[in-house]
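The values are calculated or read from the model by the stated rules, or taken from the named source; none is laboratory data. Quick caveat: nothing in here was measured; it's all calculated off a predicted structure. Cβ atoms come from the backbone with ideal geometry, glycine included; neighbour counts cover every protein chain shown. Accessible surface areas use protein heavy atoms only, side chains included; no ligands, DNA or RNA. Shrake-Rupley method; radii C 1.70, N 1.55, O 1.52, S 1.80 Å.
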Amino acid sequence: MNPAIVELTVEEMLADPIVQLVMKSDKIVADDIRQILREARQRRGAHSSSPGESELHQGAANPDPAASHGFP
């Protein structure tokens, strides 16, 4: 992973003032996002029969997410 690219945690993202403004504009609260993520995590765990299988079925062929976005 490129050390210049920093991935925020969900909590760091939700604390970002710009993200908070967009969420306010869209009438979304942080707990809505947390609930969606909990549900997705539960579904992912329920459908995965072996480690890594869910990534294969979700198109994780490109291990470097920045590569698909044109970042250096």
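Residues considered: Ala15, Ala40, Ala30. Of these, the only one that is among the hydrophobic types (A, V, I, L, M, F, W, C), in contact with a Leu (Cβ under 6 Å, 6 or more places away or on another chain), open to solvent by less than 70 Å² (accessible area, probe 1.4 Å) and at pLDDT 95 or above is Ala30. Here Pro72 passes the criteria (1) exposed (fewer than 10 other Cβ atoms within 10 Å of the Cβ); (2) modelled with pLDDT of 85 or more except the one numbered (2).
Pairs are defined by a Cβ separation below 6 Å, a sequence spacing of at least 6 or placement on different chains, a first member in the range 21-50 that is more than 16 Å from Val10 (Cα to Cα) and part of a helix (DSSP H, G or I), and a second member that is open to solvent by less than 80 Å² (accessible area, probe 1.4 Å) and not acidic (Asp, Glu); the pairs so defined are Arg44/Ser54.
Does Val29 qualify as being in contact with a Lys or Arg (Cβ under 9 Å, 6 or more places away or on another chain) and on the phi < 0 side of the Ramachandran plot? Considered against the rule, which asks whether it is in contact with a Lys or Arg (Cβ under 9 Å, 6 or more places away or on another chain) and on the phi < 0 side of the Ramachandran plot, Val29 comes out as no.
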